[in-house]
Every structure is written in C-alpha cells, then in structure tokens.
Amino acid sequence: MSIRTVATTPFEGQKPGTSGLRKKVKVFQQEHYLENFIQAWFDTLEGFKGQTLVVGGDGRYYNRQAVQCILKMAAANGVGRVLVGQGAILSTPAASCVIRKHHAFGGFILSASHNPGGPDEDFGIKYNITNGGPAPEKVTEAVFARTEIIDSYKILEVEDQDLDHVASHRLGDMTVEVIDPVEDYAELMEQLFDFPALKNMFANGFRMSFDAMNAVTGPYATEILEGRLGAPRGTVINGVPLEDFGGGHPDPNLKHAHELVDILFADDAPDFGAASDGDGDRNMVLGNNFFVTPSDSLAVLAANATLIPGYKDGIAGVARSMPTSAAADRVAAELGLNCYETPTGWKFFGNLLDAGKATFCGEESFGTSSDHVREKDGLWAVLAWMNVLAARPGESVAQIVQGHWEKFGRNYYSRHDYEAIDLTAANGLMEHLRAKIAGLAGQTLGIHPVAAADDFTYIDPVDGSVSAQQGIRIIFEDGSRIVYRLSGTGTEGATLRVYIERYAAHQADQALDTQEALADLIQLAEDMAEIEARTGRAEPTVIT
Ligand code: VG1
Ligand code: CO
C-alpha cells in the first residue's frame, strides 16, 4: 500500500454553486476530474490531519465510485478517521447530524439533490464544515482558485473497501468506520419530537403517505415512520434508493411528486402527505386535498414552535432566503422574534444559527429546518408538522393553515422556472433588468406603485461578509414583490427563476387560486423582463 502522487492539469469550471459542484456524470467521470476537485479541498482546508471526516451520498449513479476515491485520497492526505454511511449512503441532514455529533472536522456529501441521476444525468459534491453546514462562500472561492492551478493529487494505492457492512477497517494510517446511516439521525429526531404522541396518533387511525421518490430518505422514513412510530407498512412509498431514482426527478413539488399528489387529492385522501428530494433535505407537505407552500410552512411552524418538545421554550428567530415569501416575517413581528433575510442557499443560515440569532430557517424551494443541524431537513419538517397536528387534535392541515392566514394574512406566492434557456440570453435578460430597476422606485407599474427596486446585497450580521448580486427585486408599496435570479444548481444552460408574491390581509381576499391571485403581477414580471422575446419561452417549464 503506497501513496502515489499523480500529475494533473486543471479543469475549467470547478466552481461550487448554490450547493456544491454539480455537473453531468460524464464530466465527473473524466480522468482526474473528481480527484482534482477533492485535492483542491485538501490543499485549501487547514488542520484536518489526524481528524475525522464524514463521507456519504444520496445513492445516485457514481456515488459508490466517488466514495471509494475520496477514502483513498483522504488516507493519502493524512485524515485520521472517516465515518462513512453503510452502502455509501447518508442523507444531507444525516451527514450534518453525524458531523456535529461525532465532532468531525467536516464532511463530503455526494449529491446533486433533486437533479435526476443516472449515467447521462447529474452528480455533485459539497463539503460541509465543522458546524455541520455547507462551506461558506469565502472557502468555496478559495477552493475554486486552487482548482485553477492544481498540478498534482495524492491517492493511496489500495483495493476498494467493503462499505456494505457496519465495520471498521484500516486504510493505510487511517481508520474507515462504516456506520448505520440512520441511527444517529433517528435518535436526534426522537429527542426533538413527541414520539409517544405521534405513535398514539397512528394507533388512532391517522393516515399518511410519504413519498421518498426512490431517493435517500427511504431508509430514514421507513425506520422512523413505520419502525419507531408504528405507521402501517406501505406508509412510505418509493422507499428504496435507486441509482437513477427510478427514472424520476426526485424533486418534491406538485409537478414531480405527482404520485403523492394524486393520492392526497383523491376523494378518500389520507390526512397527511409528504415527500422528500434526492438527498433528503427538501420536503413537500400536503393535507387532505391541500398544498402547503414552503413559505407558509415555515411561518406556520414558527407560529406553532412551542407545541414541539424540542422548541417548547420558544425560538429565538426565523431566517428566510430573500425570494421566500414574507409570511414568516409577519409571525416574527407578532411574536417578537428576530427575523433575517439571506441570499438563496443554506450556507447563509449557518452563522445565524451558530450565533443563536435564528432557530428556524426556510426557503421557498421546499427547504425548512432548525438549529438541530446545519442543513435543511426534509424529515424534520414532516415530523414537525405531524407534531403540530398531534398537539392540535381535530384540526386538519387545511384548517391550521387557513386559521394562520386569518390571523396573519395570506402571502400568495409562486415561483416560475424557465429551465435550460440559453446562457447568453439569460445573462442579457438580467443585465437588462439591472439597468431598468435604477429609476423604478416611485414609478407605478400597471396599478402597482413601486416602493423599491434593487439587486439584493447581503451583509452577514455575524461576520460582516458581503454577498452582492443575489437577485433583482421589485418591491411594491403594498408589500407585493417580483424577484428574478438565475439558478446556481443547474447543469444545462441557465435557469431563470421568477418569484411572485402578493399579500392579502383580509379573509375575504384569501380564497383565490394562487395563479389567479397573482395574474397581473405575473404578466408584469414577464413584460418587465421581456422573457418571451429574450428566451423564446412563452411559458415557464415548472410552476411551484
Ligand atoms: C436551488 C434553490 C435553493 C436551494 C438550492 C439547493 O438553488 O433555489 O433555495 O438552497 O437549490 O437545494 P438555485 O440556485 O438553483 O435556485 V438542494 O435540495 O438542490 O441541495
Ligand atoms: Co436537496
């Protein structure tokens, strides 16, 4: 067993986006591609020698090969111990949990999240730091800079390891511990939620369906819902992680989780439905014939936090990404909680959580979580909702949300995605908007007076770091908003995201269909950005 130093040359574009480096599998499979990126981390990080790293992924195509490679490179670079999930599996929130619980130095999580998997689809890698959260921008920028000049990497010449049995192996001077990927996570959930009450709810006939979308949450949901909480077998559907997610698109929204949507919108629908994404950090929550927007979900959970044992003494604050609706802000104002608006991407919540400024965080993109880990957490959100339902017996999901709107008002909210558009056209569209917003404040668009318009800049309240150009927002006097940004997770061309929001204070105005309620703002958003003329698209690809 010897350490080999391999000469290499840089690859273009190894720049982590919103959530790690995402590329087509074929790109990752190029000789030295993965190795270069991993070595760039080892060359950039300081102080990991002899320490513990956590490694695992969402089980997609190329996951196992990548884990084997990372193990050999970790051993060659002086890592002391690696905790790896059995079968090379760890959901994103479970990896965060394991890093924190075992005081690891950090970890590699292999996933392209909700992007499809398979030989012709997507793969991805992200690195999480000691607090269990995604590496901040200054770190990913340093790693990117390193990838541009890298000339060699180190790897241990050794056979692949058996990762299918919980056991401990030596790999050179390093220890590899294959761990149960579910155990630590399930234990944490038991500490936060009222498991006896949830068990009781199932025993009394509570009906739910959980769609794991053939992705990583399957084993977690099966163990927790059907195992520990006694839900009937079959509560979890599509519960076995597959390398290509069964050919599906593991994105828990009304479009891609259609199997679950059909179940929850049927005549004999169960009380509760939920789904999670490729790597287990997203969630969709449905009631009987009712969809809860992720923005509302954050607001409702914040308003009901004290009903959950793990948060019974109250929460310090809420944080939401800028494009997420302001529903949570209204709860924060009413309850006297801190309230933060961050750029898109979970990495911006880490400092707020570490400093105890925020407890619950959420994104409109089906991400919700708390300070129990430093990632968004699909199953956490599902269990939180179940705990609220258990603590408010007799009330349905729809009744809880409608009651919330009555009290706090309703933020109609929708996101329109234009996927895989031409990159030059997309950049041109954003430039055009940047020029246009300069004189917008004070003008009236249609019937809507503009209060402010800018390209969002975030100054981190904890470390003062500045992130500019995080999305163009047009804010109207009544609190309505239009936001535009380009995705940082796609692997084909560009994806334009348009976020539209309108606030309805009174109950009489709260029962409209969302697209109808937003119709004139949607039209305005399309006209302002000249979407059809510039991209050739008359319609969005996905509406959530
Ligand atoms: C998208 C979402 C963002 C989320 C990110 C990672 O990013 O909009 O809210 O944090 O995906 O989620 P973008 O740059 O494509 O809009 V995941 O579950 O894909 O890791
Ligand atoms: Co995800």
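Per-structure values
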{"quantity": "The range 84-105, residues that are aliphatic (A, V, I, L, M) and either in the same structural domain as residue 354 (by TED's automatic domain parsing) or more than 16 Å from ligand 2 (Cβ to nearest atom) (or both)", "calculated": "84, 88, 98, 99, 104"}
{"quantity": "Residue check, residue 13 at positive phi and either open to solvent by less than 30 Å² (accessible area, probe 1.4 Å) or not assigned by TED's automatic domain parsing to the domain that holds residue 117 (or both)", "calculated": "no"}
{"quantity": "Criterion: within 29 Å of residue 213 (Cα to Cα) and modelled with pLDDT under 95 - qualifying residue of 420, 398, 391, 438", "calculated": "420"}
{"quantity": "Residue within the range 231-241 that is within 16 Å of ligand 2 (Cβ to nearest atom) and either surrounded by fewer than 17 Cβ atoms within 10 Å (Cβ to Cβ) or not in a loop (DSSP other than H, G, I, E, B) (or both) present", "calculated": "no"}
{"quantity": "Segments classed as strands (runs of 3 or more DSSP E), wholly inside the range 46-140, with at least 3 members that are closer than 18 Å to residue 14 by Cα", "calculated": "106-110, 122-128"}
{"quantity": "Subset of the range 395-447 [in a loop (DSSP other than H, G, I, E, B), open to solvent by 80 Å² or more (accessible area, probe 1.4 Å) and not acidic (Asp, Glu)]", "calculated": "438, 443, 447"}
{"quantity": "Candidates 303, 299 - the one that is of a type in the set (Gly, Ala, Ser), away from ligand 1 (no atom under 16 Å from the Cβ), open to solvent by 10 Å² or more (accessible area, probe 1.4 Å) and farther than 17 Å from residue 198 by Cβ", "calculated": "303"}
{"quantity": "Checking residue 229 against (1) touching a Lys or Arg at 6+ places or on another chain (Cβ under 8 Å); (2) more than 16 Å from ligand 1 (Cβ to nearest atom); (3) under 22 Å from residue 122 (Cβ atoms), the condition it does not meet", "calculated": "(3)"}
{"quantity": "Enumeration of residues in the range 475-503 that are part of a loop (DSSP other than H, G, I, E, B), more than 16 Å from ligand 1 (Cβ to nearest atom), open to solvent by 30 Å² or more (accessible area, probe 1.4 Å) and in contact (Cβ under 8 Å) with a residue 40 or more places away in the chain", "calculated": "479"}
{"quantity": "The range 272-294 residues that are more than 22 Å from residue 214 (Cβ to Cβ), paired with ones that are open to solvent by 10 Å² or more (accessible area, probe 1.4 Å) and within 15 Å of ligand 1 (Cβ to nearest atom) (beta carbon under 7 Å, 6 or more apart)", "calculated": "293/413"}
{"quantity": "Options 273, 246; residue that is assigned to a helix (DSSP H, G or I) and away from ligand 2 (no atom under 16 Å from the Cβ)", "calculated": "246"}
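The values are calculated or read from the model by the stated rules, or taken from the named source; none is laboratory data. Remember, it's a predicted structure, so these values are computed and weren't measured experimentally. Don't worry about glycine lacking a Cβ; one is built from the backbone with ideal geometry, like all the others, and counts go over all protein chains shown. Surface accessibility is based on the protein's heavy atoms, side chains included, excluding ligands, DNA and RNA. Shrake-Rupley method; radii C 1.70, N 1.55, O 1.52, S 1.80 Å.
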